[in-house]
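Beneath this line is the structure, given in structure tokens, with notes to follow.
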Amino acid sequence: GLWYVAPYMWTNSWLVLYTWLQHTDPSVPQYGADEWTWVKGALSTIDRPYGIFDFFHHKIGSTHVAHHLFHEMPFYRADEATAALKAYLGPMGLYNYDPTPWYMAMWRIAKTCHYVEGIEGIQYYRSLEDVPRGRGSGKKMD
């Protein structure tokens, strides 16, 4: 059982973590139905460096914005497409990249990206630390 369960748990834990890091960041907007379009949804992801894992995963994490826009593109064209997207979308503020190493980004996101306030309009992740505490908690209420 261990030879099956351990690799299964490792693989699935890594896939969940990797997917979470590709789609979650305080800078990535979440769109309600009234604001969402296919392009806005495709751009609601973030490229990050994953160190040695970039090699093993064909850079899907560091070229994820290109993957969202051109999902049928072969992985060996992703670097070229990402460079072009960064040059075109970057000046408009539409290309999302975070140079933070993945393990540090994981910690920051776990501490800051807990919820969005609603399902309408454009929302950004908020932290539970932003929620006002009740009386006697030592924190000032808004």
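Taken together, the values in this text are just the output of simple stated rules run on the coordinates, not laboratory data. Bear in mind the structure is a predicted one, so any value in this text is a computation, not a measurement. Note: ideal-geometry Cβ built from the backbone for every residue, glycine included; neighbour counts use all protein chains shown.
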Open item on the list: Run lengths n ≥ 4 of DSSP H only: what is the helix-derived mean residue ellipticity at 222 nm for the chain, with -39500 (n - 2.57) per run over all residues, to the nearest 500?
Closed with: -12500 deg cm²/dmol
Task: Cβ charges +1 (Lys, Arg) and -1 (Asp, Glu), total dipole of the chain, debye - done: 500
TODO: Extending each Cα 7 Å along its Cβ direction at Val16 and Leu69, get the distance between those two points in nm, one decimal.
DONE: 3.2
- [ ] Identify, among Val28, Met9, Ala83, the residue whose Cα sits farthest towards the positive end of the charge dipole of the chain, taking +1 on the Cβ of Lys and Arg and -1 on the Cβ of Asp and Glu, with the dipole about the Cα centre.
- [x] Met9
- [ ] Evaluate the Debye formula for region 47-108 with equal point scatterers sitting on the alpha carbons, no solvent, and hand back log10 of I(q)/I(0) at q = 0.23 Å⁻¹, in q order, two decimals.
- [x] -0.96
- [ ] Would you please classify the overall shape of the chain from the alpha carbon gyration tensor, given that a ≥ b ≥ c denote the square roots of the eigenvalues, rounded means a/c under 1.5, and beyond that prolate means a/b larger than b/c while oblate covers the rest?
- [x] oblate
- [ ] May I ask you to compute the full-extension gain from Glu117 to Asp34, defined as 0.36 nm times their residue separation minus their alpha-carbon distance, rounded to one decimal in nm?
- [x] 28.4 nm
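What is the gain in length, in nm to one decimal, between Ala6 and Arg108 on full extension, counting 0.36 nm per residue of separation less the C-alpha to C-alpha distance? Don't skip to the end; give the middle numbers.
Numbers: separation 102, 0.36 × 102 = 36.72 nm, distance 2.70 nm.
Stretched fully, the Ala6-Arg108 segment lengthens by 34.0 nm.
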